[in-house]
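Working notes, beginning with the structure itself.
The values are calculated or read from the model by the stated rules, or taken from the named source; none is laboratory data. As the structure is a computational prediction, the values presented were derived from the model and not from experiment. Neighbour counts run over all protein chains shown; Cβ positions are idealised from the backbone, glycine included. Protein only, heavy atoms only, side chains kept; ligands, DNA and RNA dropped before computing areas. Shrake-Rupley method; radii C 1.70, N 1.55, O 1.52, S 1.80 Å.
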Amino acid sequence: MTGEESLRPQSLMLTFLGDQVLGRDVCVYSGSVIDVFARAGIGEQATRSTLTRMVGRDLLRRQREGRRMYFGLTERSEAVLRDGKRRIWQTGAVNRHWDGTWTLLGFSLPESWQRQRHDLRSQLTWSGFGPLFNGLWIAPGEVDVSALVAELGLSAHVKVFRAHADAGMDIGQMIEETWELSDLAGRYEAFVRRWQPWEEELPHPDDGLVLRLRLQTEWLRIVRRDPRLPVKHLPDDWPAEQAEKTFRAVHDRLSPLARDASERLLDLVPARPQA
């Protein structure tokens, strides 16, 4: 499949942990992780360095059992993984239940604060906002950005409002002017092209786990970039719904193989309480 090579090892690792460790109170043997990632085309050194970096970032903790090193979740990684799970399985890709509310965020930063401006815009984009005007950004629904703004140290420079559009405003046109819809649509369409064949095909049993990890990682990467704009104001041929159907169908098809493979390939031990 094209495009798979661009998946970062840490993104795949987070999917693996959410798939196999989250909610089970277990730790996984490093050799098991190396084996699974080798099947995904990621070398041992890259896997080991990813594990080490994630320990350093408080996303993993080590647990020694005899001569073997196991890895378990931290509070931070559990929060990240729960958010990803919610984004995939509860929030979804299609916003059918929008109540007409928008979140407006205005900011005014000193001209010399180029780095702070870049960081704020990056975080706002990640949170589903688009630039309505230069210093005024907008997102559908009620979005809580207080923690984001506080972490950047910009609370004194940002104002947040809830709003409804005037009855005469063309919301569809505003959306087209504010967000890069063609880029997002292209991502959904490419996802369908890449994964739809697996609705009919079955991989080799040993590949089921890795394929499902790739599927979930790619899907989460797309939906995290999607501001979840109200579907009634998007083009009639908006491809998110078809892409989500493809994701769920292929996930269901791969799951029995993935479960069997994980039972064969993974060495798990109970997580001990941290000191």
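Normalising the Debye intensity of region 1-130 to I(0), with uniform scatterers on Cα atoms only, and taking log10 at q = 0.14 Å⁻¹ returns -0.82. Once backbone amide H atoms are built at 1.01 Å from N, L234 has no partners under 5 Å, excluding neighbours fewer than 5 places away on the same chain.
Does region 77-193 come out rounded, prolate or oblate, given a ≥ b ≥ c as the square roots of the eigenvalues of its C-alpha gyration tensor, rounded meaning a/c under 1.5 and, failing that, prolate meaning a/b above b/c? Note, shape of region 77-193 comes out oblate. With every protein chain in place and a 1.4 angstrom probe, the accessible-area ranking of W137, W198, W113, largest first, reads W113, W198, W137. Dividing the convex hull volume of the alpha-carbon atoms in the chain by its residue count gives 155 Å³ per residue. Note on W89: accessible area approximately 90 square angstrom, rounded to 10, probe 1.4 Å, nucleic acids and ligands left out.
Only Cα pairs under 8 Å and 6+ residues apart enter the sum, and on that basis the relative contact order of the chain stands at 27 percent.
Any idea of the accessible area per residue across region 204-275, 1.4 Å probe, to the nearest Å²? Please report the intermediate quantities before stating the final value.
Numbers: 3520 Å² over 72 residues.
Accessible area per residue, region 204-275: 49 Å².
How would R193, R117 rank on accessible area, largest to smallest, probe 1.4 Å?
Ranked list, largest accessible area first: R193, R117.
Percent of Cα-Cα pairs more than 14 Å apart in region 213-275, please.
On the way: 1398 of 1953 pairs.
Beyond 14 Å sits 72 percent of the P(r) for region 213-275.
Using only the Cα atoms of region 85-130, build the gyration tensor, take square roots of its eigenvalues as a ≥ b ≥ c, and label the shape rounded, prolate or oblate: rounded if a/c is under 1.5, else prolate if a/b is larger than b/c, else oblate. Mind showing how you got there, number by number?
Working: a/c = 5.11, a/b = 2.04, b/c = 2.50.
In terms of gyration-tensor shape, oblate.
Using a ≥ b ≥ c from the Cα gyration tensor of region 129-249 (square roots of the eigenvalues), is it rounded, prolate or oblate, where a/c under 1.5 gives rounded and otherwise the larger of a/b and b/c decides, a/b for prolate? Since a/c reaches 1.5 but b/c is at least a/b, the shape of region 129-249 is classed as oblate. Angle of helix 208-225 to the longest C-alpha principal axis of the chain, folded into 0 to 90 degrees and rounded to 10: 20°. Report, in degrees rounded to the nearest 10, the 0 to 90 angle that the Cα long axis of helix 44-56 makes with the longest principal axis of the chain. On a 0 to 90 degree scale, this one is about 60. In this view, the solvent-accessible surface of D170, computed with a 1.4 Å probe and all protein chains in place, comes to about 90 Å². Between the Cα long axis of helix 30-39 and the first principal axis of the chain there is an angle of about 70°, rounded to the nearest 10. Listed by chain and number, the lysines placed with their C-alpha closer than 23 angstrom to that of K245 are K85, K232; residues fewer than eight positions away on the same chain are left out.
Rolling a 1.4 Å probe over the protein heavy atoms of region 16-94, with every protein chain left in place, gives an accessible area that is 43 percent carbon and sulfur.
Quick check for you: with a 1.4 Å probe and neighbouring chains kept, what is the accessible area per residue of region 1-150, in Å²? If you can, show how the numbers build up before the last one.
Numbers: 7880 Å² over 150 residues.
Roughly 53 Å² per residue, with all protein chains present.
Here the simple spin-label model places points 7 Å from the Cα toward Cβ, and for A249 and E176 these points are separated by 3.0 nm.
Solvent-accessible surface (1.4 Å probe) assigned to D25 amounts to roughly 120 Å². Ignoring ligands, DNA and RNA, what percent of the 1.4 Å accessible area of region 193-233 is carbon and sulfur? On region 193-233, the fraction of accessible area on carbon and sulfur atoms equals 47 percent.
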